[in-house]
1. Would it be correct to say that Arg231 is in contact (Cβ under 8 Å) with a residue 60 or more places away in the chain, basic (Lys, Arg) and out of contact with any Ser or Thr (no Cβ under 7 Å at 6 or more places or on another chain)?
2. Can you list the helices (runs of 4 or more DSSP H) found entirely within the stretch 1-64 that contain at least 3 residues being closer than 23 Å to Leu95 by Cα?
3. When residues of the stretch 276-305 are filtered for being under 17 Å from Arg254 (Cα atoms) and in contact (Cβ under 8 Å) with a residue 40 or more places away in the chain, how many remain?
4. Here are Tyr210, Tyr180: which of them is surrounded by 14 or more Cβ atoms within 10 Å (Cβ to Cβ) and part of a loop (DSSP other than H, G, I, E, B)?
5. When you scan the stretch 318-338, how many residues do you find that are under 14 Å from Cys81 (Cβ atoms) and open to solvent by less than 40 Å² (accessible area, probe 1.4 Å)?
6. Considering every residue within the stretch 287-298, establish whether at least one is among the polar types (S, T, N, Q), out of contact with any Lys or Arg (no Cβ under 6 Å at 6 or more places or on another chain) and either under 16 Å from Leu78 (Cβ atoms) or surrounded by 17 or more Cβ atoms within 10 Å (Cβ to Cβ) (or both).
Amino acid sequence: MSLFPEDLLTDLRQIPGADHSFLKQLADDDGRGTRQWLDGAVDRVGGAVADRWAQVLGSLDNRRFFQGYAEISTSDLLSTCGWRINDLAWPGPSLAVRDPSGQSFNAIILGFIKQIRPIDQDAIGRLVRSLGRVGSRSRIVVLVRRWLPHDFDPEPVRRAIDLWLREVDRAGWEGRYAEYRDANVSLEFALTGEQAHDGQQVVAMAMGPYDAHRTMDAVEQRVVYELDAYRLSAWSEQPVLLSLVCDQLWSLPRGYVRELLYGKPVSQETLADTPHFRATFGVEMTPSLFRDPLYRTVSAAVLVQREPGATHPTAFASYVNPWAQHPIDPQSLPGRVFAIHDRDGDAPVMAWRDT
């Protein structure tokens with residue numbers, strides 16, 4: 001039985017407003033592939049897990065819907081690696097799973113929704129196209145400090161930059177940088193020192209906004225909250241596989257993630273041979289999730305993301321906890337895996353493994 005019968009899809013399409021709802025978006029024709037994938041995942045798992053997913057995937061509440069999507073995404077990636085999804089686990093949101101060797105884990109699955117929509121990227125595109133009409137051919141780089149309003153009008157910015165570049169061309173401007181700021185817009189501009197030739201745009205590159213710090217803060221707070229709840233439960237001694245699922249690309253520097261999980265390395269090196277990167281983490285205690293004795297039941301963390309236009313989710317990366325009470329086989333994890341490569345005495349040397 002389909003989770004999305006045709007009468008439900010018809011009703012969803014006719015709901016006034018609610019265009020922000022993932023469920024309503026899924027009712028569009030371009031959501032057919034995702035609907036089929038979700039139907040197949042629910043059919044394969046069956047039982048109480050399927051009943052839960054059928055319930056949450058019928059919700060117009062994005063947080064509730066995406067939590068179900070996150071659980072299905074995780075189970076699908078794990079199943080591809082030979083895991084079995086057995087049942088619901090508590091405290092939720094968790095699944096009872098077994099790795100290919102038969103070891104039991106509670107998979108704590110957390111969904112994260114980024115407040116970024118295609119319309120946000122469209123505003124930056126309008127700005128770049130508008131700047132392409134300035135009279136000067138001096139090339140510039142644009143740094144967007146924060147997301148532009150959805151109704152953003154780029155013309156005042158274009159006029160200001162046009163005046164600035166005229167001053168630059170007359171050698172009446174010292175330095176390479178300029179700024180445009182008002183109540184809703186914060187932009188910085190830098191001269192590249194080049195002139196736009198045939199076929200080149202005045203805007204050499206548009207960058208930002210960079211929200212990695214805010215994303216990492218949100219991830220850390222939620223993960224610590226959920227793991228503390230698990231630690232105080234009756235299931236606290238059971239091993240944990242942590243899965244963090246984003247509705248968009250994570251767009252996180254891998255160094256940020258490593259520092260959250262492992263702390264700062266005592267040494268790191270880039271090599272010509274495989275592995276190309278190695279990091280050694282000392283034996284002394286440093287602030288980090290995996291090093292904290294309270295969270296030694298966490299064997300690994302998997303970051304999952306949804307790529308624009310893709311039906312199936314993908315693994316951003318998997319990270320093995322070298323100090324875990326219950327070791328996990330890196331080959332059983334999806335995507336690129338950051339795992340123990342060697343040991344320098346008691347200090348683990350970590351490197352990327354392509355599985």
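1. Numbers: in contact (Cβ under 8 Å) with a residue 60 or more places away in the chain: yes; basic (Lys, Arg): yes; out of contact with any Ser or Thr (no Cβ under 7 Å at 6 or more places or on another chain): yes.
Here the answer is yes, as Arg231 does meet what is asked.
2. In the stretch 1-64, the matching helices (runs of 4 or more DSSP H) lie at 32-45, 47-56.
3. Step one: of the stretch 276-305, the residues under 17 Å from Arg254 (Cα atoms) are 276-281, 288-290, 300-305.
Then drop every residue that is not in contact (Cβ under 8 Å) with a residue 40 or more places away in the chain, which leaves 276-281, 289, 300-305.
Final tally of qualifying residues: 13.
4. Result: Tyr210 is the single residue among Tyr210, Tyr180 that is surrounded by 14 or more Cβ atoms within 10 Å (Cβ to Cβ) and part of a loop (DSSP other than H, G, I, E, B).
5. First pass over the stretch 318-338, keeping only residues under 14 Å from Cys81 (Cβ atoms): 318, 320, 328-337.
Next, only the ones that are open to solvent by less than 40 Å² (accessible area, probe 1.4 Å) stay: 318, 320, 328, 330, 332-335, 337.
Adding up the residues that qualify gives 9.
6. Of the residues in the stretch 287-298, the ones among the polar types (S, T, N, Q) are 288, 297.
Still in the running and out of contact with any Lys or Arg (no Cβ under 6 Å at 6 or more places or on another chain): 288, 297.
If we keep only those that are either under 16 Å from Leu78 (Cβ atoms) or surrounded by 17 or more Cβ atoms within 10 Å (Cβ to Cβ) (or both) too, we end up with 288, 297.
Scanning the stretch 287-298, I find at least one residue that is among the polar types (S, T, N, Q), out of contact with any Lys or Arg (no Cβ under 6 Å at 6 or more places or on another chain) and either under 16 Å from Leu78 (Cβ atoms) or surrounded by 17 or more Cβ atoms within 10 Å (Cβ to Cβ) (or both), so the answer is yes.
Every residue, every condition in (1) open to solvent by less than 20 Å² (accessible area, probe 1.4 Å); (2) under 20 Å from the mean Cα position of the chain (by Cα); (3) of a type in the set (Phe, Trp, Tyr), yes or no:
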site: Leu143; (1), (2), (3): no, no, no
site: His150; (1), (2), (3): no, no, no
site: Trp164; (1), (2), (3): yes, no, yes
site: Glu174; (1), (2), (3): no, no, no
site: Val224; (1), (2), (3): no, yes, no
site: Ala234; (1), (2), (3): no, no, no
site: Pro239; (1), (2), (3): yes, no, no
site: Leu244; (1), (2), (3): yes, yes, no
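The values are calculated or read from the model by the stated rules, or taken from the named source; none is laboratory data. Bear in mind the structure is a predicted one, so any value in this text is a computation, not a measurement. Reconstructed Cβ throughout: ideal geometry from the backbone, glycine too, with neighbour counts over all protein chains shown. We work out accessible area using only protein heavy atoms, side chains counted, and drop any ligands, DNA or RNA first. Shrake-Rupley method; radii C 1.70, N 1.55, O 1.52, S 1.80 Å.
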